[in-house]
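To keep things clear, I will list the structure first and then write my remarks on it.
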Amino acid sequence: MTQGNQGPAQAGLPDSKDLQEWAWQATHGQEWRLAAQRWALVREFYPDESASWIQASIAHRKLEEYDLAEALISEAVERFPQNSNTLRQYAELEIERGKFDRALELVEQAREKFSDDPDVIWSIANVHKKADQCSRAEQENLLGQEVFPENARLAVQYAEIAMQQKDWQTALERWQQVRERFPKHASGFARAAEAAEKLGNEPLSRQLKLAQEYGNAWLISLQEEGEGESVHNISPPQRRNWKTFVDLVWTKARLNLKSEANQNHLRYFWWILDPLLYMAVFYIVFGVLMERGGPGFIAYLLTGLVPFQWFAKTVQQTSGSIVGGKGLMHKVRISPLFFPLVGIVQNTGKQTLVFLMLGLFLVFYGLPPTVHWLAVVPVIAVQLLLMVVISCFLAMLVPFVRDISNLIPTGIQFLLFTSGIFYTVDRIPSEWHTLFFSNPMANILHQYRLVLVENQWPDWSGLGWVFLGCMIGLVIVLALYRRLEPIFPRVVIE
Amino acid sequence: MMASQQQIPAHGEVIISLKDVGVRYKRRGGLFRKPEYFQALENVSFDICRGDTLGIVGRNGAGKSTLLRTIAGIIQPDSGEVVNFGVTVSLLALQAGFDPELPGTDNAIISGMLMGYTRRQVESRMSDITEFSELGDFIYQPVKTYSSGMRSRLGFAVSMFMTPGVLLLDEILSVGDKEFRKKAESEMVKKFHSDQTIVLVSHSEGQIKKLCNKVIEL
């Protein structure tokens, strides 16, 4: 601190730095009247601060009070001979007043005194630029850039000269250099965006504006990606074809099973354990404790019960699947058939193991496999078809009439007792046989018995009728789905 | 509710056209009661051109998400029509179909497939997805062990590689922690260039102004 500024500080006034900060606030806010007043205050108490003169002059200049501005800046030139900014701001004032010759005189004067100041070079080029002598300005600027390659102001000025010449292409190239060399310089993006806009390249202009936020590396990677097909991006097919749809259902079902298994300690072992326990219960209750139904009743019971459980579990689980899939349905475009089908495939996957266990049980029970067992494959296929029709139909119906889901358990119970699981067909009076077998589940279970227990070929005509019925049902259900597909996403949330 | 359109010159031909689109939801009613409806959208008309970045703004409940779903073809309008001149349209669905019991890899595959990719397409991008999501070996762990930030990172990484003809975004530029959000946003905004057509729904008018060349007000 010099002697001069001790006085006011002791008199309880803010010190020089605080006072200047206060004045700078007005300058930065471009409130020129306020700035002029505040700098006047600074000058009053700290006349040795060059800023108080120069900034006050600038403020008056901005207010177009040129005489006041000149008085202040010429005083500053006298007072601070070591400060190049005095002469440079004086030149700015003369430029403003249109006196380019006088401005040039001043900056040349500055050049003589401050030969190693890049700001002086900038000012010289600026005078030429403002005087519309762009080639001269460019010349001075390039000389300056040679000496001061690290100076951002000169690089920016170089691009601005091209902007003034309305040579937008050149300007863009120069702004690019600015961005590369001085990535933090905002004008490299903002002004370049203006140049791009003038060129009519709106996308580039928008890119440049955004690049200001994300940086030059982002812009470069963006432009590189634009040139070649991006390595990252892949386009989805226009619309899922049936193959990808099948793969989707298959993958989802497989993953659901995996997920289900992951929730237990014994994982996949449960798929064997569960039917094993289930069969054990029936064996103990009906075979050991009650000893009813005569010899072979357990085999008869289980060959009916195991396929029925498959049916019951699947229908039960899939009936609410479309309603349950509403979240997904609103996120991606997907056929509502996806939801019941996944449930069916999932249950079928588990069921294969159960059938295997049933086969093993029958062998140990004393019913060794014969060639007729091969016929179980078409029987299973028809049952699968039946389940697809019924599950998809119910899943379709439930979103429209939710009440139906309350009837489904009862319906399954009803089927359980009318499909001949706990009693043999010959217990039914023969006049009721047609009605009994018109229940497709009773028909299919009867085929299982024929094949697995009685070692006969299935009743092909009966099976054929069920198959035919299922095919007709399938066509109707698919047609309904096609018709209703667009309204499902609405219905599930209503 | 009229849709006013602030037209700024756009480039490219029209690829999707909405004409007087109206959507209403049934509020209550059914078999025995007279149904009551809630009109979510009414008389909305505008065109989407190739290369557009269209911003949709509007207050809560103005029907912004409904409009996106209508454009995506997920729901059909009750009146008017949406004409698609042969482009693929997808709603960017983060974490679609995620199963917490399954590892990140499986979730990435099923999520990608649900968005319309083939399994092969997703599998061939798995290393990119792992890299972008910064999950490292966690990708082989069940998603239930992830932090919510990790989960959204995975979700975003899967969606990242999606380039339908028209991409629909519903307030998604806010995922994960601060660091990742920056990365996600910069990557997403990159998509806004190239010739990607985008429809963006956002509450943030600043964001819309910054990113979009057309604005629809609902």
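Structure above, values below:
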{"quantity": "Dipole of the protein assembly as shown, positive end: most advanced residue of A:GLN30, A:MET387, A:PRO440 [Cβ charges, Cα centre]", "calculated": "A:PRO440"}
{"quantity": "Potential lengthening between A:ILE404 and A:ASP274 on full extension [0.36 nm per residue; Cα-Cα distance subtracted]", "calculated": "43.9 nm"}
{"quantity": "Segment A:242-491: equivalent-ellipsoid semi-axes (sqrt of 5 x gyration tensor eigenvalues, Cα, Å)", "calculated": "32, 22, 17"}
{"quantity": "Difference of contour (0.36 nm per residue) and Cα-Cα distance, A:TYR66 to A:TRP460", "calculated": "130.8 nm"}
{"quantity": "Segment A:300-397: C-alpha gyration tensor shape, a/c 1.5 cut-off, then a/b vs b/c", "calculated": "prolate"}
{"quantity": "Inter-probe distance in nm under a simple model that places probes 7 Å from Cα toward Cβ, at A:GLU180 and A:LEU266", "calculated": "7.0"}
{"quantity": "Between 0 and 90°, nearest 10: helix A:338-365 axis offset from chain A longest Cα axis", "calculated": "40"}
{"quantity": "Fewest-first sequence of A:THR86, A:THR434 by Cβ atoms within 10 Å of each Cβ", "calculated": "A:THR434, A:THR86"}
{"quantity": "Under the Debye formula (equal points on every Cα, no solvent term), log10 I(q)/I(0) of segment B:18-121 at q = 0.12, 0.21, 0.23 Å⁻¹", "calculated": "-0.59, -1.10, -1.19"}
{"quantity": "24 Å tail of the calculated P(r), segment A:1-132, as % of Cα pairs", "calculated": "32"}
{"quantity": "For segment A:332-383 versus segment A:265-284, the gap between their alpha-carbon centres in whole angstrom", "calculated": "16"}
{"quantity": "Between segment A:444-467 and segment B:18-84, the Cα center-to-center distance that results, in Å", "calculated": "53"}
{"quantity": "FRET E, pair B:GLU134, A:TRP432, Förster distance 60 Å, beta-carbon r, rounded to 0.05", "calculated": "0.30"}
{"quantity": "Sorted by Cβ neighbour density within 10 Å, fewest at the top, the residues A:LEU358, A:LEU68", "calculated": "A:LEU68, A:LEU358"}
{"quantity": "Over 19 Å between alpha carbons, listed pairs A:LYS252/A:LYS326; B:LYS64/B:LYS178; B:LYS178/B:LYS214", "calculated": "B:LYS64/B:LYS178; B:LYS178/B:LYS214"}
{"quantity": "Separation in nanometres of the label points that stand 7 Å from Cα toward Cβ, at A:ALA40 and A:TRP24", "calculated": "2.3"}
{"quantity": "Segment B:95-191, Rg to Rh (Cα coordinates; Rh as Kirkwood inverse mean 1/r)", "calculated": "0.93"}
{"quantity": "Gap separating the Cα centres of segment A:61-113 and segment B:138-165, nearest whole Å", "calculated": "62"}
{"quantity": "Share, in percent, of DSSP beta bridges within the protein assembly as shown that are antiparallel, nearest 5", "calculated": "55"}
{"quantity": "Relative contact order (percent, whole number), segment A:242-491, Cα cutoff 8 Å, 6+ residue spacing", "calculated": "27"}
{"quantity": "Estimated FRET transfer efficiency (B:LYS210, A:THR418; beta-carbon r; R0 56 Å; 0.05)", "calculated": "0.25"}
{"quantity": "For B:65-76, mean number of other protein chain Cβ atoms within 10 Å", "calculated": "3"}
{"quantity": "FRET efficiency, A:LEU478 to A:LEU353 (Cβ-Cβ, R0 25 Å, nearest 0.05)", "calculated": "0.25"}
{"quantity": "Theoretical ellipticity at 222 nm over chain A - DSSP helices of four or more residues, -39500 (n - 2.57) apiece, nearest 500", "calculated": "-23000 deg cm²/dmol"}
{"quantity": "Sequence of A:ILE298, A:ILE220 once ranked by neighbouring C-beta atoms within 10 Å, starting from the fewest", "calculated": "A:ILE220, A:ILE298"}
{"quantity": "Average other protein chain Cβ within 10 Å of Cβ, residues B:100-108", "calculated": "3"}
{"quantity": "Where only C-alpha atoms are counted, convex hull volume of segment A:415-481 per residue in Å³", "calculated": "104"}
{"quantity": "Segment A:3-226: Cα Rg divided by the 2.2 N^0.38 Å rule of thumb", "calculated": "1.18"}
{"quantity": "Phi to ³J(HN,Hα) by Karplus 6.51 cos²θ - 1.76 cosθ + 1.60 over segment B:77-85, Hz, x for Gly, Pro", "calculated": "x, 7, 9, x, 8, 10, 9, 9, 8"}
{"quantity": "Label-zone membership for segment B:70-103, site B:ARG27, 7 angstrom Cα→C-beta point, backbone N under 15 Å", "calculated": "none"}
{"quantity": "For segment B:75-127, Kirkwood radius (reciprocal of mean inverse C-alpha pair distance, Å)", "calculated": "13.2"}
{"quantity": "Estimated inter-spin distance, A:GLN164 and A:LYS258, nm [label 7 Å along Cα→Cβ]", "calculated": "6.7"}
{"quantity": "Directionally averaged shadow of chain A, computed from the convex hull of its alpha-carbon atoms, nm²", "calculated": "42.3"}
{"quantity": "Angle between chain B longest axis and helix B:178-191 axis [Cα atoms, degrees, rounded to 10]", "calculated": "60"}
{"quantity": "Degrees between helix B:148-160 axis and first principal axis of chain B (Cα, 0 to 90, nearest 10)", "calculated": "70"}
{"quantity": "Mean Cβ count within 10 Å, highest first, over the residues of peptides A:115-123, A:103-111, A:384-392, A:144-152", "calculated": "A:384-392, A:103-111, A:115-123, A:144-152"}
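No lab work stands behind these numbers, since they all come straight from the coordinates. Predicted model only: the values in this text are computed from it and were never measured. FYI the Cβ positions are ideal-geometry reconstructions off the backbone, even for glycines, and counts take in every protein chain you see.
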